[in-house]
Amino acid sequence: MLRFVILSLTLVALINSSDIPKTAATPPSRYQNYKTFVKTACNSTTYPTMCYNSLSSYSSTIKADPIKLCTTSLNVNLKYAKNATSVISNLLKKAKSTSSPEVPVLKDCMEEMKDTVDELKQAMAELKNLTGGGISKEEHLQNVKTCVSAALTDDTTCTDEFEEEEVNEETKKKKVEKAVSELSNTTSNTLALITNYLRF
């Protein structure tokens with residue numbers, strides 16, 4: 001009995017010894033590898049820091065899958081598009097209530113943002129249907145690129161109009177430019193990821 005107690009105490013001491021590696025507090029190496037994949041991918045974009053900050057939290061979902069990488073980027077992109085649309089919509093309502101001369105340019109920008117949302121949704125649909133629709137993967141991929149490129153053009157058109165028209169500085173700088181600039185940068189990153197990581 002005494003020998004059993006001594007052996008038990010020895011085993012407990014060994015388990016608690018600092019010489020035994022403790023892995024519970026350390027993330028599994030595969031999760032670190034997933035983040036490395038995302039970081040490497042984002043380094044191929046125009047705005048790598050923004051790319052990594054927006055995608056790194058999804059690394060365990062993305063794993064090292066290029067299609068999941070691009071699908072996730074499109075999802076994040078769509079959130080930015082909806083946010084920009086909301087910002088411009090609120091400004092347009094306010095401008096209409098005061099008969100502001102900014103109404104026409106805000107209307108135009110609103111249309112561009114709606115087009116962006118539609119194009120990003122279309123890109124997502126094409127990416128989810130790479131093996132269907134009676135066309136090749138290459139044609140689907142080209143459609144994805146076309147949609148995202150069109151979305152980027154719409155983003156730029158909106159900000160260009162604000163540069164050309166007489167608008168309140170606060171409206172232009174603090175509201176519209178911030179929201180649309182973030183959207184434009186995200187769209188640029190998404191296009192870069194699709195171009196660099198989706199090849200069949």
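The values are calculated or read from the model by the stated rules, or taken from the named source; none is laboratory data. Quick caveat, the model's predicted, so the values are computed rather than measured. Positions of Cβ are backbone-derived with ideal geometry, glycine not excepted, and every protein chain shown enters the neighbour counts. Protein only, heavy atoms only, side chains kept; ligands, DNA and RNA dropped before computing areas. Shrake-Rupley method; radii C 1.70, N 1.55, O 1.52, S 1.80 Å.
Some observations on this one:
- Looking at region 109-200, the accessible area is 49 square angstrom per residue; that uses a 1.4 Å probe and ignores ligands, DNA and RNA.
- Largest to smallest in accessible area, the residues THR71, THR131 fall in the order THR131, THR71 (1.4 Å probe, all protein chains included).
- Neighbour cut-off at most 16 other Cβ (10 Å), DSSP loop, GluC sites (Glu not before Pro), region 122-165: GLU165
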